[in-house]
Ligand code: INI
């Protein structure tokens with residue numbers, strides 16, 4: 001009797017280099033996301049020398065830098081990190097939406113897995129809570145999701 005196969009990504013040390021693309025806007029919170037992402041990678045056995053940090057001005061600039069990094073062929077996975085806080089104008093929608101959609105397009109175009117650790121919050125309190133205090137660290141989560149996706153893609157291709 002044949003049984004169905006379940007293909008799931010594990011959290012073993014992934015092969016290859018990883019880029020973290022992070023914005024400088026709201027950097028005191030983004031720095032906490034970077035710390036969380038690195039902590040997750042190192043705890044899962046990724047070596048410091050296999051992690052590159054690429055900085056961009058704001059969330060709007062993340063997708064192009066992530067795509068450019070992916071196209072070099074040097075990275076097997078990319079974590080994107082930023083903090084976009086709603087203001088009084090429509091700027092938030094363009095930056096937050098453009099960033100999320102751009103990262104999605106970039107990973108589909110390059111076949112390099114990318115995860116979204118870009119906070120999009122109503123206010124500063126929500127952003128602080130999600131960058132290493134009461135609501136966890138979304139950088140850590142984005143790094144863990146990336147490891148799972150890198151290993152899943154390897155299994156799908158094998
Ligand atoms: N960029 C962010 O990453 N977060 C924000 O909250 C933000 N706000 O509020 O304006 C922001 N704006 C800058 C934007 O990402 C670009 O850097 C800028 O528009 C130049 O292209």
Cβ neighbours within 10 Å, averaged per peptide: list 17-28, 77-88 in order, most packed at the top.
77-88, 17-28
What whole number of Å gives the distance from the Cα centroid of the stretch 81-126 to the Cα centroid of the stretch 1-34?
16 Å
Can you tell me the orientation of helix 62-71 relative to the chain, as the angle in degrees between its alpha-carbon axis and the longest Cα principal axis, to the nearest 10?
30 degrees
For helix 27-43, what angle does its Cα long axis make with the longest principal axis of the chain, in degrees from 0 to 90 and rounded to 10?
20 degrees
What does the C-alpha gyration tensor say about the overall shape of the stretch 95-134? Classify as rounded when a/c is under 1.5, otherwise prolate if a/b is larger than b/c, or oblate.
oblate
Share of Cα-Cα pairs in the chain beyond 28 Å, in percent?
19 percent
With an 8 Å Cα cut-off and a minimum separation of 6 or more residues, compute the relative contact order for the chain in percent.
34 percent
Ranking request for peptides 37-47, 148-158: highest mean number of other beta-carbon atoms within 10 Å first, then the rest in descending order.
37-47, 148-158
Can you tell me how the stretch 18-91 classifies by the Cα gyration tensor, rounded, prolate or oblate, using a/c under 1.5 as the rounded cut?
oblate
Degrees separating the helix 91-110 axis from the principal Cα axis of the chain, which is the longest one:
20 degrees
Row for the stretch 86-158, column shape: gyration tensor on C-alpha, a ≥ b ≥ c, rounded if a/c < 1.5 i.e. under 1.5, prolate if a/b over b/c, else oblate; value oblate
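Read-outs: derived from the displayed coordinates by stated rules, not from any lab. Computed from a prediction, not measured in an experiment: that's the story for all the values here. When we count neighbours, we look across all protein chains shown, and the Cβ atoms used for this are built from the backbone with ideal geometry, even at glycine.
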